[in-house]
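Enquirer: I'd like to ask some things about the structure below.
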Amino acid sequence: MGQRSQAGRAKIWDTGGNGTLGYNILFRLARTGRFHIHAPVRNLNTGLIDALAGSVDFIRHDLNDFAATEAMLKSTQPDAIIHCAASGLRPPKASWFELMAFNVTLTLRLFQMSCFLASGPRFIYISSGLVYRNQGRPLAEDDPMDTLHPYGASKAASDSLLQAAAAEFNRKLTILRPFAFSGPHDAPSRLFPLILAAAVAGKPLALTHGTQIRDYCAVDDIARAVLQVIEREPDALIETFNLGSGTGLKLRVIIETVCQALGLKADLRFGEHQPPPYEPDHLVADIAKARAAFGWAPRTSLARAVWELAGEIAPSLRLRRPEA
């Protein structure tokens, strides 16, 4: 994986450490003890720093400062860059053009910088299952990327442009497209943290109709896939992999199954909230390619992931511990 640090550990640059997936990726990498990890974050999260003290080099940094980013990359010479930072899913929500500037322009600039590093790093881009055109069936990696969903469109643009750039400059690129997930450090504005917060407060929660078909995974399983990708040699210059449970269910069924497994009582008002614009009716991953390439498959139940999340943000609920 290119040059190594003096201790023989691969050097990893991991952006987006404050996000749900980025946080779990850092934990997965740090637990191995096999990597020298640099994590540029805009805001230093005290809890995250305390939890990973001595395992991760956190750097307060705004990736939009391109000159400083380039200088940092040249000084650290990473063997791999995991680009997980993204805008558009956590409040405060950026405007449409700000979203594109961060998710597309910044991503391409970061890849451009990586092309001229002596270490020749692999670039691992965290895309999204939202890039695909709705097919009404599990989605494979060669299905068309075509969506009006703002976040999905920004990811689709970066996904496509990165592949073209990697081919042009002969740089190793792996694109991972996670579908829905939850678990430790999930953002307060996302589905299962909202359900847990409503249960704690004893207040009703307005939800969509819940008939949309979804594929939900434990976030730690997605993070484990990132680790497996880093630890293997790629089979091709450009690789793309879907990451999900591989099983589609109505969202209402997913929620009710988790609540039943945990003994979680919440006043959920299905049908009282309109789905966001351009949300697909059917979003399920075909994960056969990841399974064949590096033996990845989900291991943790969604109920267990939500139980772990509840231990962080809603311990007063005293939920039933489900099987892993």
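The values are calculated or read from the model by the stated rules, or taken from the named source; none is laboratory data. What you see is a predicted model, and the numbers here were worked out from it, not measured in a lab. Cβ: placed from backbone, ideal geometry, glycine included. Neighbour counts: every protein chain shown.
Enquirer: Out of segment 272-306, which residues are of a type in the set (A, V, I, L, M, F, W, C), in contact with a strand residue (DSSP E or B) (Cβ under 9 Å, 6 or more places away or on another chain) and assigned to a loop (DSSP other than H, G, I, E, B)?
Expert: Matches in segment 272-306: VAL284, ILE287, TRP296.
Enquirer: Do any helices (runs of 4 or more DSSP H) entirely within segment 45-157 hold 2 or more residues that are buried (at least 16 other Cβ atoms within 10 Å of the Cβ), and if so, which? Outline the logic, then answer.
Expert: Numbers: elements: 46-51, 66-76, 96-100, 107-115.
The helices (runs of 4 or more DSSP H) meeting that bar are 66-76, 96-100, 107-115.
Enquirer: Take LEU173 and tell me if it is in contact with an Asp or Glu (Cβ under 9 Å, 6 or more places away or on another chain), crowded, with 18+ Cβ neighbours inside 10 Å and not assigned by TED's automatic domain parsing to the domain that holds ALA293. Spell out how you get there, then give the answer.
Expert: Details: in contact with an Asp or Glu (Cβ under 9 Å, 6 or more places away or on another chain): yes; crowded, with 18+ Cβ neighbours inside 10 Å: yes; not assigned by TED's automatic domain parsing to the domain that holds ALA293: yes.
Spelling it out, LEU173 is indeed in contact with an Asp or Glu (Cβ under 9 Å, 6 or more places away or on another chain), crowded, with 18+ Cβ neighbours inside 10 Å and not assigned by TED's automatic domain parsing to the domain that holds ALA293.
Enquirer: When both residues are 6+ apart or on different chains and their Cβ atoms are under 9 Å apart, which pairs have a first residue that lies in segment 247-265 and is within 15 Å of PRO204 (Cα to Cα), and a second that is among the basic types (Lys, Arg) and not in a helix (DSSP H, G or I)?
Expert: CYS259/LYS265; LEU264/ARG320
Enquirer: With the condition kept exactly as written, say whether any residue in segment 66-77 is closer than 22 Å to ALA225 by Cβ, of a type outside the set (S, T, N, Q) and in contact with a helix residue (DSSP H, G or I) (Cβ under 9 Å, 6 or more places away or on another chain).
Expert: So the first thing to find is which residues in segment 66-77 are closer than 22 Å to ALA225 by Cβ, and the list is none.
Looking for residues that are closer than 22 Å to ALA225 by Cβ, of a type outside the set (S, T, N, Q) and in contact with a helix residue (DSSP H, G or I) (Cβ under 9 Å, 6 or more places away or on another chain), one finds none in segment 66-77, hence no.
Enquirer: Whether any residue in segment 201-209 is more than 28 Å from ARG34 (Cβ to Cβ) and either within 22 Å of the chain's Cα centre (by Cα) or part of a helix (DSSP H, G or I) (or both) is what I want to check. Break it down into steps so the answer makes sense when it comes.
Expert: Here is the first cut: in segment 201-209, the ones more than 28 Å from ARG34 (Cβ to Cβ) are 201-209.
Adding the requirement that they be either within 22 Å of the chain's Cα centre (by Cα) or part of a helix (DSSP H, G or I) (or both) leaves 201.
Yes: one or more hits.
One line per residue, one yes/no per condition, for (1) of a type in the set (S, T, N, Q); (2) under 25 Å from PHE270 (Cα atoms); (3) in the same structural domain as PHE102 (by TED's automatic domain parsing):
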residue	(1), (2), (3)
ASP146	no, no, yes
PHE169	no, no, yes
LEU205	no, yes, no
THR208	yes, yes, no
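Enquirer: Does ALA199 satisfy the condition of being assigned by TED's automatic domain parsing to the domain that holds GLU272, crowded, with 22+ Cβ neighbours inside 10 Å and not acidic (Asp, Glu)?
Expert: Yes: the conditions hold for ALA199.
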